[in-house]
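**Student:** Okay, handing you the structure first.
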């Protein structure tokens, strides 16, 4: 009886959530997509501690999960960001039987690092612990992140096989494993991200770590995904715009090079003429690589 009550509640939440979110996602996801919206993942009422789950309209019990981490310089946007220019990729996830979980996290203007990685770890741990309630396969998690979200996806993927108490809200290591990282132009090394040592107090990295890199070198190292590379890391698909004005392509090239040095499977795709973000990243050629990696490591 209790299980029936929980199921009825989840169905009600799903229907209500789709009604609330339809204006944001109606032209992106297939119309029959099942939606669980604004799910609180941290047992509190913070708006930034919520996530959305999108499921294919099937009776399948265990969907592999693509976890969406939005960009916005760690200080803007929300769990719907980057979806607008990645419509065909998102539609492809649902059509191919993948669930999508899009997570919110606190901005740097609300809390400095490591708050953002704590939130992401907590959100994914929630998905892991509650996978059965949402028809998710907790053993098949992939990350996809864009810009600042790419940075967080990289950091999650590379630190997942390390024990980093500062990265967990309760200080306890998470249980989930990451099978694949899809990195779209995410920073990998804060020491080489900018040439001016972030002298501008409004610089995104300065806001994220609370001061210039030179003044917070230990925290800057802790926040740099490249510091965690080892042979046990998951495979990476790295996608970078050739003309990126915000994240120097050398960030992605260096990440790929060091992954290769450690024997970690990875592929770097430089998109000719592409800026920091946009519909060029939703191209057929890139989608083919995304679904190749998903098919190889998540199916």
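**Student:** For residue 211, state whether it is in a loop (DSSP other than H, G, I, E, B) and under 20 Å from the mean Cα position of the chain (by Cα).
**Tutor:** No.
**Student:** It is to be established whether one or more residues within region 128-136 are closer than 24 Å to residue 290 by Cβ, touching a residue at least 24 places away in the same chain (Cβ under 8 Å), surrounded by 22 or more Cβ atoms within 10 Å (Cβ to Cβ) and within 18 Å of the chain's Cα centre (by Cα).
**Tutor:** yes
**Student:** Could you go through region 113-123 and let me know if any residue there is part of a loop (DSSP other than H, G, I, E, B), surrounded by fewer than 19 Cβ atoms within 10 Å (Cβ to Cβ) and over 10 Å from the mean Cα position of the chain (by Cα). Steps first, please.
**Tutor:** Let us first name the residues in region 113-123 that are part of a loop (DSSP other than H, G, I, E, B), namely 113-114.
Retained after the next criterion (residues that are surrounded by fewer than 19 Cβ atoms within 10 Å (Cβ to Cβ)): none.
No, the conditions are met nowhere in region 113-123.
**Student:** Separate question: Report every pair of residues separated by at least 6 positions or lying on different chains whose Cβ atoms are under 7 Å apart, first residue within region 247-262 and farther than 15 Å from residue 192 by Cα, second exposed (fewer than 15 other Cβ atoms within 10 Å of the Cβ) and modelled with pLDDT of 95 or more.
**Tutor:** 262/230; 262/231
**Student:** Would you check if there is a residue in region 100-110 being without any contact (Cβ under 8 Å) to a residue 40 or more places away in the chain, surrounded by fewer than 18 Cβ atoms within 10 Å (Cβ to Cβ), within 24 Å of residue 202 (Cβ to Cβ) and out of contact with any helix residue (DSSP H, G or I) (no Cβ under 6 Å at 6 or more places or on another chain)?
**Tutor:** Scanning region 100-110, I find no residue that is without any contact (Cβ under 8 Å) to a residue 40 or more places away in the chain, surrounded by fewer than 18 Cβ atoms within 10 Å (Cβ to Cβ), within 24 Å of residue 202 (Cβ to Cβ) and out of contact with any helix residue (DSSP H, G or I) (no Cβ under 6 Å at 6 or more places or on another chain), so the answer is no.
The values are calculated or read from the model by the stated rules, or taken from the named source; none is laboratory data. In this text, all values refer to a predicted model and were calculated from it rather than measured experimentally. Here Cβ is always computed from backbone atoms with ideal geometry, including for glycine, and neighbour counts include all displayed protein chains.
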